[in-house]
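The structure appears right after this line, and notes come after that.
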Amino acid sequence: MQVCAPPTSVFVTWLADHLEEVTDEVIEKIGRKTVSTSPLYSDPALQAVLRSETSRLLSRIMEELEIPQPTPLDSPEAGHIARLAALHGTPLDSLVNAHWEALSVVQDAYFRAAREAQVPPEEALRILHTGCRRLLEHTSCLIETATREYLEARRSNETDENAIRLGRIQAVLNGPETRIPHSPYDVGAEHVAVVAGGPVAGVVNAYARQQGSRALAAFVDQDVIWAWFSSVPPQRLLTTVLAGTPAGAVGVGAPGRGVQGFRQSHREAQAAHRVCLRTGRPGIQFSDVIPESMALTDMNSTRGLVLRQLGRLAREGNREATLRETLMVYLESGQNARATASRLALTERTVANRLQAARTLLPPGTDLSSLELALALRLMPLVKGGGRARHRSGEPVPTG
């Protein structure tokens, strides 16, 4: 690959350094403008897939900027997103509009790059003209790919067992349906819902098959699954699934009966799965992370609470992490140093030293018994968590 002129390299470097930020802006805008009601945006597991594929696609576009002679952009990511859109009933015009919204975000990023990199005006205009022209060409190419993949997926979904089952499930989740046609699963029973992503999704599917008519499952992407169980308590379900593999993320809802319970437990499983994605924990019951799930709805306020209550103790670092853990256990143990030492396998002197060190990092006058401090410690993993999904291959959604 030939290397481009230095000013263009400056652009490419800036975009690469700000890839996560630009990706977030793309996801936020297309969610607000085009696909706000689609599961691709409203479901945390699918939004993670959408974000991952968008990030990879933006990386491809940046790489192509460095090639003197442009070539048509080959993007398996665009095809993957289109197939997901078709599977989840997102209209084709919304998918097309999402590409144009993404184009506007990346064009704005080009102009920000020019300003912040202080490229000379004449050179900046030349490169911006070339970059925006190429971006327009790429967007047109991506729309052609997405349209083709979308229409092919729609035709395939008409006979695909998994897609048909998912459509019936979505009719119960989102509409007036109160049963799932041609399914032995009883929607009137008590349900425990699961949302799982990664290798563990296959374990959930296998376990659902073992349960027969007492379980219902559908893949919503090649390694993301929604499932409901009518005969397994939440803790046993989580323990059994994670025993199969701890790789991935599993959110488990609370039990709920009937159609409303079917829907509510699913929403709770989605929320728990989102906490998994944010914190890196392999599996969570919703009942154990209700404060975290609420905090994730407004991360700006959550981040402000944590930083205000913890002060310098919120800094990244092994020492700060150790002190936070000790303080958290101390509060959970009723501020009993002996119980804290026992739980952490430490001496009481070590616990006392750590608590004193933690106090020096907390804001002056902090009351260790305050509920706000305990909440801030609990929510700290959300603030430091990246919430980034791993990349996915874009393979077809499995059937069955």
Check: What number of residues in region 207-233 are open to solvent by 20 Å² or more (accessible area, probe 1.4 Å) and either farther than 27 Å from residue 153 by Cβ or assigned to a strand (DSSP E or B) (or both)?
Finding: 9
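Restricting attention to region 21-45, report how many residues are polar (S, T, N, Q) and under 21 Å from residue 225 (Cβ atoms).
Filtering region 21-45 for residues polar (S, T, N, Q) gives 23, 34, 36-38, 42.
Then keep just the ones that are under 21 Å from residue 225 (Cβ atoms); that gives 38, 42.
The qualifying residues number 2.
Condition check: under 28 Å from residue 276 (Cα atoms) and among the small types (Gly, Ala, Ser). Does residue 345 satisfy that?
On the way: under 28 Å from residue 276 (Cα atoms): yes; among the small types (Gly, Ala, Ser): yes.
Yes; evaluated as a whole, the condition is true for this residue.
Considering only residues that are among the β-branched types (Val, Ile, Thr) and either out of contact with any Leu (no Cβ under 8 Å at 6 or more places or on another chain) or not in a helix (DSSP H, G or I) (or both), look in region 58-92 and name the one that is most open to solvent (accessible area, probe 1.4 Å). Walk me through how you get there before you give the answer.
Within region 58-92, the subset among the β-branched types (Val, Ile, Thr) is 61, 67, 71, 81, 90.
Adding the requirement that they be either out of contact with any Leu (no Cβ under 8 Å at 6 or more places or on another chain) or not in a helix (DSSP H, G or I) (or both) leaves 67, 71, 90.
On the way: 67: 48, 71: 72, 90: 6 Å².
The selected residue is 71.
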Checklist line | Residue among 316, 325, 292 that alone is of a type in the set (D, E, K, R), closer than 12 Å to residue 381 by Cα and without any contact (Cβ under 8 Å) to a residue 60 or more places away in the chain | finding: 325
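Among the residues of region 109-122, are any among the aromatic types (Phe, Trp, Tyr), in contact (Cβ under 8 Å) with a residue 40 or more places away in the chain and under 20 Å from residue 23 (Cβ atoms)?
First, the residues of region 109-122 that are among the aromatic types (Phe, Trp, Tyr): 110-111.
Next cut, in contact (Cβ under 8 Å) with a residue 40 or more places away in the chain only: 110.
Narrowing further to those that are under 20 Å from residue 23 (Cβ atoms): 110.
Yes, some residue in region 109-122 is among the aromatic types (Phe, Trp, Tyr), in contact (Cβ under 8 Å) with a residue 40 or more places away in the chain and under 20 Å from residue 23 (Cβ atoms).
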Next item on the list: Determine if region 155-168 includes at least one residue that is without any contact (Cβ under 8 Å) to a residue 40 or more places away in the chain and in contact with a strand residue (DSSP E or B) (Cβ under 8 Å, 6 or more places away or on another chain).
Entry: no
Margin query: Against the definition (in contact (Cβ under 8 Å) with a residue 60 or more places away in the chain and either surrounded by 24 or more Cβ atoms within 10 Å (Cβ to Cβ) or assigned to a helix (DSSP H, G or I) (or both)), how does residue 254 come out, yes or no?
Written below: no
Check: Does residue 172 meet the test of being open to solvent by less than 50 Å² (accessible area, probe 1.4 Å), over 23 Å from residue 85 (Cβ atoms) and part of a helix (DSSP H, G or I)?
Finding: no
Check: How many of the residues making up region 198-250 are of a type in the set (S, T, N, Q) and closer than 23 Å to residue 188 by Cα?
Finding: 7
Item checked: Test set (1) β-branched (Val, Ile, Thr); (2) in a helix (DSSP H, G or I); (3) crowded, with 20+ Cβ neighbours inside 10 Å - residue 96 fails condition number -> (3)
Notebook entry, point to check: Counting only residues that are among the polar types (S, T, N, Q) and either at pLDDT below 85 or open to solvent by less than 60 Å² (accessible area, probe 1.4 Å) (or both), which one in region 38-57 is farthest from the chain's Cα centre (by Cα)?
Noted result: 38
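The values are calculated or read from the model by the stated rules, or taken from the named source; none is laboratory data. Being a predicted model, the structure only gives us computed values, none of them experimental. For neighbour counting, all protein chains shown are included, and Cβ atoms are generated from backbone atoms with ideal geometry for every residue, glycine included. Ligands, DNA and RNA are excluded from the accessible area calculation, which covers all protein heavy atoms including side chains. Shrake-Rupley method; radii C 1.70, N 1.55, O 1.52, S 1.80 Å.
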